[in-house]
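Q: Please read through the structure below; I'll follow up with questions.
The numbers here are math on the coordinates, done by the rules we state, and not lab data. Predicted model only: the values in this text are computed from it and were never measured. Here Cβ is always computed from backbone atoms with ideal geometry, including for glycine, and neighbour counts include all displayed protein chains.
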There are 2 protein chains.
Amino acid sequence: MATTRGGIDLGGTKIQAIIVDDDHQVLGQARHPTPKNNGPQGVADGIVAAFTEAAADAGVEPSALAGVGIGSPGAVDEQRGTVTQARNVTPDWTGEFALGPAVASASGASKVKVGHDVTVGTQAEYVLGAARGFDDVLGVFWGTGVGAGLILGGKIWVGRGAAGEIGHMVVERGGAKCTCGRIGCMEAYSGRKAMELEARHRVEQGEHTKLFKIMEERGRDQLSSGIWARAMEHDDHMAKHLIGRAVKALGAGIASAVNLLDVQAVVIGGGLGTRLGEPYVEKIREAMHPHLFVDQNPPDVRLSTLGDLGGALGAALLVKD
Amino acid sequence: MATTRGGIDLGGTKIQAIIVDDDHQVLGQARHPTPKNNGPQGVADGIVAAFTEAAADAGVEPSALAGVGIGSPGAVDEQRGTVTQARNVTPDWTGEFALGPAVASASGASKVKVGHDVTVGTQAEYVLGAARGFDDVLGVFWGTGVGAGLILGGKIWVGRGAAGEIGHMVVERGGAKCTCGRIGCMEAYSGRKAMELEARHRVEQGEHTKLFKIMEERGRDQLSSGIWARAMEHDDHMAKHLIGRAVKALGAGIASAVNLLDVQAVVIGGGLGTRLGEPYVEKIREAMHPHLFVDQNPPDVRLSTLGDLGGALGAALLVKD
């Protein structure tokens, strides 16, 4: 019986595909940029390409796998394998798209399941990573946007299907405009997309930064987490300022979530969280402190231990058993 | 077998005691102002006095009851019946006090259980009131402070014991100072205590209001929910402005909680919520709307149907069966 599985982490900038065995060991992988020009179908094609390459890397046929799981942004209907409003992935992904069925028919995989990216990422940290041993966990994924996964009493919590939008908790009424169009969301300060818009705006205003020079040197057209990290290493003033601003907003938003839910542990993941690492997890702890109502008993705030592969490992958990 | 029970709602301004039968019908009640001058023991004495009066009103001996439940602010240890840091009740309630044992020994009640006020209030709305039929409920109690109770998947959620501090979610970084000492908490705008401090400050600055005149006419020394409601009826400019400001903060904070948890229903209770009623629940719905991430699918936002007695009815549920 096939116990080898595929896992896909669909992100705003990249598609990470892995093949794992029954013990979650990675047998093969591939990483492609997220296609931006052909809508949801183009993204499905990109997923199939990355998955096929990862299967070849592992030396297995896609059809021989027990199945493939996909972690996706947007509103996910797990039963039907559909995804709605994943505009961070591709701008015209506004309606509903049957991502699971599209990948199944094009890839030859016997079973395809779709879950919410941050939920599967949190589940991965809970089963395999930094949150092992806790029952109540808030996973915070700091990347293009800021999303959260919740494990409450040992079970995934999705509410009516749309829980975890920590990035759109209000931390500053009357404050910055978010990429979602609302005002004062945490993501308006902390999301990498919003941070890039702010950086571009500041450059237009005459401020200097190495961010876009590093971007051009790398042949990219947007500011990846690696570019932000590199600019920080170069002591870039604007990068330091905007990351500091992001951390302050994360502190307020995560502390607010903790005040409401009183979870045991918070795991920081996502592209920026993973790339900036433990020194910035410490800065997030410090930024939470002034807003924690029970500040003598903070939750355990930990860096993701699965890092870049956490989302794909969690997606592969969707098709385990 | 005795199935008649007592329920006590301990608030920042009053102690509400009721005696109920097995069908939650109120057989007797009493309402006393919360003693402010003799610390936690004075509060325990006040609870016993109100409870004894309610029992007499119902024509039963305290010792003949199946038990009495107490809903208390602060950090509650249900196992031990202790309450820590209930400064909204009496200013020097900073340490731990064994409220349950103190009430048991002085009242002659056979069983005393203590729960968190907003948790038992939410449980009452879930079992008996506005939240019947929902599995996932956020109860928001708008009074001296702003607290929340959570029912998730049909079960009370308390986290590590301190969940529900919705009043200390950050809605405006760098904003108003909260009575808790922190900055920008929702309660800094919406809590009745903070609102009174702001009103006194504005009067010192030369602004006019009928709030304190109504307070004096009623022989009170603080602004109760009834005083705020009466000032609104008199079209008092300051009262209208500060209530409007409170509603805006409630909208941002409750929407943030919904974005994180995606509950089915929100119940608005507490002294101010109950007194101002449905027109202000509608204003809260409107204030939530611009901050809801999935604004096409808002939760059902309802006024508490148990009103002033909800907390005491929920407290009595603590000793049912």
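Q: Along Cα-to-Cβ, 7 Å out, sits the label point; list in nm, shortest first, how far the one on B:Glu216 is from those in the other copies.
A: List, nearest first: 7.2 nm.
Q: Only helices at least 27 Å long along their own axis, judged from Cα atoms, and with Kyte-Doolittle mean hydropathy of 0.5 or greater: name those in chain B from DSSP H.
A: Correct list, ordered by number: B:39-58, B:237-261.
Q: Continuing with the same structure: Counting only residues 5 or more places away or on other chains, whose amide H sits under 5 Å from the amide H of A:Gly175 once H atoms are built in the peptide plane?
A: Under 5 Å from the amide H of A:Gly175: A:Gly184.
Q: Give, rounded to the nearest 20 debye, the magnitude of the charge dipole that the range A:133-305 has about its Cα centre when Lys and Arg contribute +1 at Cβ and Asp and Glu contribute -1 at Cβ. Before the final figure, lay out each step's value.
A: Numbers: 21 positive and 21 negative charges, 84 e Å.
The calculated dipole for the range A:133-305 is roughly 400 debye.
Q: Would you tell me the mean number of C-beta atoms belonging to other protein chains that fall within 10 Å of each C-beta in B:156-162, as a whole number?
A: Taking the mean over all residues of the peptide, I get 6.
Q: Rank A:Asp77, A:Asp295, A:Asp21 by mean-square fluctuation in a GNM of chain A with C-alpha springs under 10 angstrom and give only the top-ranked residue.
A: A:Asp295
Q: Modelling each spin label as a point 7 Å along the Cα-to-Cβ direction, I'd like the A:Glu216/B:Glu217 distance in nm, to one decimal.
A: 7.2
Q: From other protein chains only, count the Cβ atoms within 10 Å of every residue's Cβ in B:170-183, then give the mean.
A: 5
Q: Continuing with this model, one more query. At R0 = 45 Å, how high is the FRET efficiency between A:Gln205 and B:Glu207 if r is their beta carbon distance? Nearest 0.05 is fine.
A: My answer for the efficiency is 0.70.
Q: Rg and Dmax of chain B, using alpha carbons, in Å: what are they?
A: Values for chain B (Cα only, Rg and Dmax): 18.9, 62 Å.
Q: Can you give the direction-averaged projected area of the convex hull of the alpha-carbon atoms in the protein assembly as shown, in nm²?
A: Projected area, direction-averaged: 30.6 nm².
Q: Residues of B:250-257, mean number of Cβ from any other protein chain within 10 Å of their own Cβ, rounded to a whole number?
A: 5
Q: With +1 on the Cβ of every Lys and Arg and -1 on the Cβ of every Asp and Glu, and nothing else charged, how large is the dipole of the range B:224-321 about its Cα centre, in debye rounded to the nearest 20? Display every interim value, and only then the final one.
A: Values: 9 positive and 11 negative charges, 43 e Å.
My answer is approximately 200 debye.
Q: Please list, ordered by chain and number, the residues whose modelled amide H lies under 5 Å from the amide H of A:Leu292; skip anything fewer than 5 residues away on the same chain.
A: It is none; the list stays empty.
Q: Report the extension gain between A:Arg132 and A:Glu282 in nm, rounded to one decimal, defined as 0.36 nm multiplied by the number of residues separating them, less their alpha carbon distance.
A: Gain on extension, A:Arg132 to A:Glu282, equals 52.0 nm.
Q: How would A:Cys180, B:Cys178 line up from fewest to most surrounding beta-carbon atoms within 10 angstrom?
A: Final ranking by Cβ density, sparse to dense: A:Cys180, B:Cys178.
Q: Ordered by residue, what ³J(HN,Hα) values in Hz, to whole numbers, does the range B:63-76 give under the Karplus form 6.51 cos²θ - 1.76 cosθ + 1.60, where θ = phi - 60° and Gly and Pro are x?
A: Per-residue couplings from phi come out as 6, 8, 7, 5, x, 9, x, 10, x, 10, x, x, 8, 9 Hz.
Q: Name the residues of the range A:183-211 whose amide N is less than 14 Å from a point 7 angstrom out from the Cα of A:His237 along the C-beta direction?
A: Backbone N within reach: A:202-203, A:205-211.
Q: Within the protein assembly as shown, what percent of beta bridges assigned by DSSP are antiparallel, to the nearest 5?
A: That works out to approximately 60 percent antiparallel.
Q: If you don't mind, there's one more thing I want to ask. In deg cm²/dmol and to the nearest 500, what is the mean residue ellipticity at 222 nm of chain A if only DSSP H runs of at least 4 residues count, each as -39500 (n - 2.57), divided by the residue total?
A: It lands at -12000 deg cm²/dmol.
Q: What ranking of A:Arg5, A:Arg160, B:Arg31 emerges when the number of other C-beta atoms within 10 Å of each C-beta is taken as an exposure proxy, fewest first?
A: Working: A:Arg5 26, A:Arg160 14, B:Arg31 17.
By the 10 Å Cβ count, ascending: A:Arg160, B:Arg31, A:Arg5.
Q: Assume the label is 7 Å from Cα along Cα to beta carbon: what separations in nm does B:Glu53 have to the matching positions in the other copies?
A: 7.7
Q: May I ask you to give the average projected area over all directions of the convex hull of the Cα atoms of the range B:116-249, in nm² rounded to one decimal?
A: The directionally averaged projection comes out at 9.5 nm².
Q: Which one of A:Ile156, A:Gly139, A:Asn88 has its Cα pushed farthest toward the positive end of the charge dipole of chain A, where Lys and Arg give +1 and Asp and Glu give -1 at the Cβ?
A: A:Asn88
Q: From Cα pairs below 8 angstrom and at least 6 apart in sequence, can you work out the relative contact order of the range A:133-305, rounded to a whole percent?
A: Answer for the range A:133-305 is 24 percent.
Q: With both bridge residues required to lie in chain A, what share of the DSSP beta bridges run antiparallel, to the nearest 5%?
A: For chain A, the DSSP antiparallel bridge percentage is about 60.
Q: Now for a different question. What is the distance in Å between the Cα centroid of the range B:1-64 and that of the range B:205-265?
A: Taking the Cα centre of the range B:205-265 as reference, the centre of the range B:1-64 is 28 Å away.
Q: Hey, another quick one. Using a Förster distance of 35 Å, how high is the FRET efficiency between B:Gln25 and B:Asp300, based on the Cβ-Cβ distance and rounded to 0.05?
A: Numbers: r = 27 Å, r/R0 = 0.77.
It comes out at approximately 0.85.
Q: Distance check, please: which entries in A:Lys193/A:Lys248; B:Lys14/B:Lys36; A:Lys210/A:Lys283; B:Lys113/B:Lys320; A:Lys177/A:Lys248 exceed 19 angstrom between their Cα atoms?
A: Cα-Cα > 19 Å for A:Lys210/A:Lys283; rest within.
Q: Still on this model: Below 8 Å, C-alpha to C-alpha, sequence gap of six or more: please give me the relative contact order for chain A in percent.
A: 20
Q: Within the set of other residues whose C-beta is less than 14 Å from the C-beta of A:Ala287, count the net charge using Lys and Arg as +1 and Asp and Glu as -1. Before the final figure, lay out each step's value.
A: Details: positive: A:Arg245, A:Lys248, A:Lys283, A:Arg285, B:Arg173, B:Arg182; negative: A:Glu172, A:Glu282, A:Glu286, A:Asp295.
After counting each charged neighbour, the total is +2.
Q: A further question follows. Based on Cβ point charges of +1 for Lys and Arg and -1 for Asp and Glu, what charge dipole magnitude is obtained for the protein assembly as shown about its Cα centre, in debye rounded to the nearest 20?
A: 1040
Q: Provide an ascending nm list, one decimal, of label-point separations from B:Gln296 to the equivalent residue in each further copy; define each label point as 7 Å from Cα along Cα→Cβ.
A: For B:Gln296, the inter-copy label distances come out at 4.9 nm.
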